[in-house]
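Here the structure is laid out as structure tokens; the discussion comes afterwards.
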Amino acid sequence: MITVLVANPKGGCGKTTIATHLAAAFAAAGLRAALADADRQGSSLGWLQARPGNAAAIQALDWRDGPEKLPKEAVDRLIVDAPAAMKLKKIEELLRLADIIVVPVLPSGFDEPVTGEFLRQLETLKPIRKSRAAVAILRNRVQTGTRTAAKLDRFMLGVGHTGVGRLRHRLVYPDIAGRGLSVFDLTGKQNEALREDWAPVLRYIENNDPAMQAQAAGE
Ligand SMILES: Nc1ncnc2c1ncn2[C@@H]1O[C@H](COP(=O)(O)OP(=O)(O)O)[C@@H](O)[C@H]1O
Ligand SMILES: [Mg+2]
């Protein structure tokens, strides 16, 4: 099982959009996916409730009181949607369970400093220090070719962590959020093109499979 934590203390940076999409992408690929909601607001749980019965199935885990509940059935990919305001201790608790932390960042003078500070804090936590969890930065709501997008690219140069691509700003995301859907559940050329935005982060997660790494190391 690969566990991915999606976290950033900045509200509205895309944690729930990314967590739901990663779970849906893995489910669409035929993997057994689970989505754990650790945020009081329960947006991921709401999304799962709204998800149509004919969409690729995703197991729901209510982690609003903590990460006690384990998946009922076997799982290949567990995605965790983290709350915004989270004490460092709580982040560390979730990080201990994670193989990868995906940190969304928006092109904004408000978001970049908060994210930079969060990345510095992450460095102090044991699972990151001991390289047990990898940090991946995912730029979100990018309007390509704009000055703010270029500024975000410069910010990325200074963060010292792997960038795993960028998601374009598209209204389909807020539009389908309430219906329990992702771009992986939709047909049409535009959605197909949007799915390509997700390829680098999905590839990154696949390449961090602990089982595969153990095999490669001859364990
Ligand atoms: N790439 C995107 N393009 C357009 N809107 C987006 C994109 N990513 C997220 N959003 C919208 O931004 C808002 C905040 O995103 P959300 O995933 O709820 O963030 P968080 O969980 O970090 O608070 C939502 O309305 C969501 O639909
Ligand atoms: Mg959220």
### Task
Provide the per-residue ³J(HN,Hα) series for the stretch 63-75, in order, calculated from phi with Karplus coefficients 6.51, -1.76, 1.60 and θ = phi - 60°, each as a whole number of Hz, with x at glycine and proline positions.
10, 5, 9, x, x, 7, 6, 9, x, 6, 10, 4, 10
## Note on the structure
In terms of the charge dipole of the chain, which places +1 on Lys and Arg and -1 on Asp and Glu at the beta carbon, the residue among Gln59, Ile137, Val4 farthest towards the positive end is Ile137
### Within the accessible area of the chain (1.4 Å probe), percent carbon and sulfur
50
### Message
Using the Cα atoms of the stretch 2-204, I'd like the radius of gyration and the largest Cα-Cα distance, Dmax, both in angstrom.
### Response
15.9, 47
### Query
Which residue, Phe110, Phe155, Phe26, tops the fluctuation ranking in a GNM of the chain built on C-alpha contacts under 10 Å?
Phe110
### Query
Just Ala149, Ala85, Ala27 to compare: in a GNM of the chain, with alpha carbon springs under 10 Å, which one fluctuates most?
Ala85
### Task
Please give the net charge around Ala55, taking every other residue with its beta carbon less than 10 angstrom from that of Ala55, where Lys and Arg add +1 and Asp and Glu add -1.
+1
### Summary
Interchain or sequence-distant (5+) residues whose placed amide H lies within less than 5 Å of the amide H of Val142 are Leu167, Arg168, His169
### Task
Please report, in debye to the nearest 20, how large the charge dipole of the stretch 2-204 is about its Cα centre when each Lys and Arg carries +1 at its beta carbon and each Asp and Glu carries -1 there.
380
### Query
Whose amide H sits under 5 Å from the amide H of Gly163, counting only residues 5 or more places off or on another chain, with H placed in the peptide plane?
Ile137
### Query
How big is the gap, in Å, between the Cα center of the stretch 130-206 and the Cα center of the stretch 49-85?
21
#### Entry: Residue-normalised accessible area of the chain, given per residue in Å² at a 1.4 Å probe
50
### Summary
GNM on the chain, Cα springs under 10 Å; top mean-square fluctuation among Val114, Val142, Val164 goes to Val114
### Summary
With all protein chains present and a 1.4 Å probe, the order of Asp62, Asp175, Asp209 from largest accessible area down is Asp175, Asp62, Asp209
### Summary
The relative contact order of the stretch 2-204, taking Cα pairs under 8 Å that sit 6 or more residues apart, comes to a percentage of 26
### Query
With θ set to phi - 60° and the Karplus curve 6.51 cos²θ - 1.76 cosθ + 1.60, what are the ³J(HN,Hα) couplings of the stretch 166-174 in order, to the nearest whole Hz, using x for Gly and Pro?
8, 9, 6, 6, 9, 6, 4, 5, x
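The values are calculated or read from the model by the stated rules, or taken from the named source; none is laboratory data. Bear in mind that the values here come from a model prediction, so they are computed numbers and not experimental data. All Cβ positions, even for glycine, are placed from backbone atoms using ideal geometry, and neighbour counts span all protein chains on display. Note: areas computed on protein heavy atoms with side chains; ligands, DNA, RNA excluded. Shrake-Rupley method; radii C 1.70, N 1.55, O 1.52, S 1.80 Å.
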